[in-house]
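Asks: Structure incoming, see below.
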Amino acid sequence: MSLFDLKGRVALVSGGNGGIGLGMARGLAEAGAAIAIAGRNTGKSEAAAAELANLGAETTVVSGDVTDEAQCRRLVQETVARLGRLDILVNNAGINIRKSAQELAAAEWRQVLDTNLTSAFVCCQAAYPVMKQAGGGKIINIGSMLSIFGAGFAPAYGASKGGIVQLTKALASGWAKDNIQVNAVLPGWIDTDLTREAREQVRGLNTMVLMRTPAGRWGVPADLAGIAVFLASRASDFVTGTAIPVDGGYAAQV
Ligand code: NDP
């Protein structure tokens, strides 16, 4: 069996119906995994699942809002009920509310933290007994360049993504004995719905990204497929607690 083979494995990808989540799901599907796509927009999730089925993957759609604890737990339960197991959990669902700290309402702060960070904690907690009983598992949490750097227009988003890295380290430390590897991926600037909106709201963002990224381009969702397969596969069995930038060199350059 190849180090990267995911045949017989089952992955749940939150926010897997578009952008980075779908880019990762395509990679996992091509490596042989069955995929549960989770999101609020069922039509979009069904279209994504149909695309993955065309790649030969077994798929299912598990609709839900990850800001709701009970729905997070249900997403995990439905994945196991329909696909028989859960080996790989990708906590990718995320939003941003771009406002300065003095303008951001506490309810908006909570909305971002609930979507980006608390949901990851709850989904991991729900997945733990399933993975432990199966003898192991792989968890991939999605951070950001704002896990490392600050931005005045994104206080809650930055706090959530910094928190993702520390949550990843805590879970990796606690669950290594159960053969569950927990890692974070920190995407650079990737062309998705989220950043299309950012380009409209943050003046000069496009120029800054192109100037500042050594690779000289925006990333695309397909750039995240390889890291997803690596962190989901046997190839990464001794890799845990890391936060790996996939950023065209953005974080490497002053
Ligand atoms: P998109 O807006 O394309 O995707 C966001 C996904 O999250 C959608 O599939 C959406 O599905 C889902 N989602 C949002 N809120 C909820 C919710 N409450 N419950 C369930 N699903 C939800 O953005 P990206 O692909 O760019 O972002 C994906 C992740 O990558 C996010 O965590 C983001 O912070 C992170 N990231 C993105 C970067 C970029 O440059 N694009 C850079 C660094 C990190 P639905 O609407 O159906 O619920």
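Computed from the coordinates by the stated procedures, all read-outs in this text should not be read as laboratory data. A quick note: this is a predicted structure, and the numbers were derived from the prediction, not measured. Virtual Cβ from ideal backbone geometry, glycine too; neighbours counted across all protein chains shown.
Asks: To the nearest 20 debye, what charge dipole does the chain have about its Cα centre, counting +1 at the Cβ of each Lys and Arg and -1 at the Cβ of each Asp and Glu? Let's see the in-between values first.
Replies: Values: 23 positive and 21 negative charges, 64 e Å.
The calculation lands at about 300 debye.
Asks: Something else now. Around GLY188, which amide H atoms from residues at least 5 apart in sequence, or from another chain, sit under 5 Å from its own amide H, with H modelled in the peptide plane?
Replies: VAL246, ASP247
Asks: Among LEU186, LEU104, LEU224, rank each residue by its count of other Cβ atoms within 10 Å, from fewest to most, as a rough exposure measure. Provide the component values of the computation, followed by the final result.
Replies: On the way: LEU186 24, LEU104 17, LEU224 27.
Least to most surrounded, the residues fall as LEU104, LEU186, LEU224.
Asks: Give me the net charge for the shell around GLN133: Cβ to Cβ below 10 angstrom, other residues only, Lys and Arg +1, Asp and Glu -1.
Replies: On the way: positive: ARG85, LYS132; negative: ASP178.
With Lys, Arg at +1 and Asp, Glu at -1, the neighbours total +1.
Asks: Let me ask you something else. What does the charge count near ALA33 come to, summing +1 for each Lys or Arg and -1 for each Asp or Glu among other residues with Cβ under 12 Å from its Cβ? Can you show the working numbers first?
Replies: Working: positive: LYS7, ARG9, ARG26, ARG85, LYS138; negative: ASP5, GLU30, GLU58, ASP87.
Result for the local shell: +1.
Asks: So for segment 71-215, taking the charge dipole from beta-carbon charges (+1 Lys/Arg, -1 Asp/Glu), which of SER119, GLY137, ALA106 sits furthest toward the positive end?
Replies: So the residue furthest toward the plus end is GLY137.
Asks: Can you give the net charge of the other residues whose Cβ lies under 12 Å from the Cβ of ALA57, counting K and R as +1 and D and E as -1? Walk me through the numbers before you get to the answer.
Replies: Values: positive: LYS7, ARG9, ARG26; negative: GLU30, GLU51, GLU58.
The answer is 0.
Asks: Hey, another quick one. Based on DSSP H runs of at least 4 residues, each adding -39500 (n - 2.57), what is the mean residue ellipticity at 222 nm of the chain after dividing by all its residues, to the nearest 500 deg cm²/dmol? Please report the intermediate quantities before stating the final value.
Replies: On the way: 9 runs with 110 residues, N = 254.
About -13500 deg cm²/dmol.
Asks: When the chain is modelled as a GNM with alpha-carbon springs shorter than 10 Å, which of GLY143, GLY39, GLY56 fluctuates the most?
Replies: GLY56
Asks: In percent, how large is the relative contact order of segment 155-231, given Cα pairs closer than 8 Å and 6 or more residues apart? Before the final figure, lay out the partial values.
Replies: Details: 39 pairs, mean separation 19.4, N = 77.
Across segment 155-231, relative contact order equals 25 percent.
Asks: Identify all lysines with a Cα-Cα distance to LYS169 below 24 Å; exclude those on the same chain that are fewer than 8 residues away in sequence.
Replies: LYS132, LYS138, LYS161, LYS177
Asks: Listing SER45, SER63, SER100 from the residue with the fewest other Cβ atoms within 10 Å to the one with the most, what is the order?
Replies: Least crowded to most crowded, the residues run SER100, SER63, SER45.
Asks: Could you work out the per residue convex hull volume over the alpha carbons of segment 1-132, in cubic angstrom?
Replies: Looking at segment 1-132, the number lands at 110 Å³ per residue.
Asks: Something else now. Please turn the phi angles of segment 137-142 into ³J(HN,Hα) values with the Karplus equation 6.51 cos²θ - 1.76 cosθ + 1.60 (θ = phi - 60°), one per residue in order, whole Hz, x for glycine and proline.
Replies: Karplus-based 3J(HN,Hα) across segment 137-142 equals x, 10, 10, 10, 9, 9 Hz.
Asks: For segment 158-230, just the Cα atoms, rotate onto the principal axes and tell me the three extents in Å, largest first.
Replies: 46, 27, 22
Asks: Only Lys, Arg, Asp and Glu count, each charged at its Cβ (+1, +1, -1, -1), so figure out the dipole size of segment 117-252 about its Cα centre, rounded to 20 debye.
Replies: Numbers: 11 positive and 8 negative charges, 39 e Å.
Dipole about the Cα centre, nearest 20: 180 debye.
Asks: A further question on this structure: What ranking do LYS7, LYS132 get, fewest neighbouring Cβ atoms within 10 angstrom at the top?
Replies: Working: LYS7 10, LYS132 15.
Going from least to most buried by this count: LYS7, LYS132.
Asks: What's the whole-number percent of alpha carbon pairs in segment 54-118 lying beyond 13 angstrom?
Replies: Details: 1463 of 2080 pairs.
Considering segment 54-118, 70 percent of its Cα-Cα pairs are separated by more than 13 Å.
Asks: Apply the Kirkwood formula to the chain: the hydrodynamic radius equals the inverse of the mean of 1/r over all pairs of different alpha-carbon atoms; give it in Å with one decimal. The partial results should precede the final answer.
Replies: Details: mean 1/r = 0.0554 Å⁻¹.
Over the chain, the inverse of the mean reciprocal pair distance is 18.0 Å.
Asks: log10 I(q)/I(0), Debye, Cα-only segment 115-254, no solvent, q = 0.11, 0.12, 0.17 Å⁻¹?
Replies: -0.43, -0.51, -0.95
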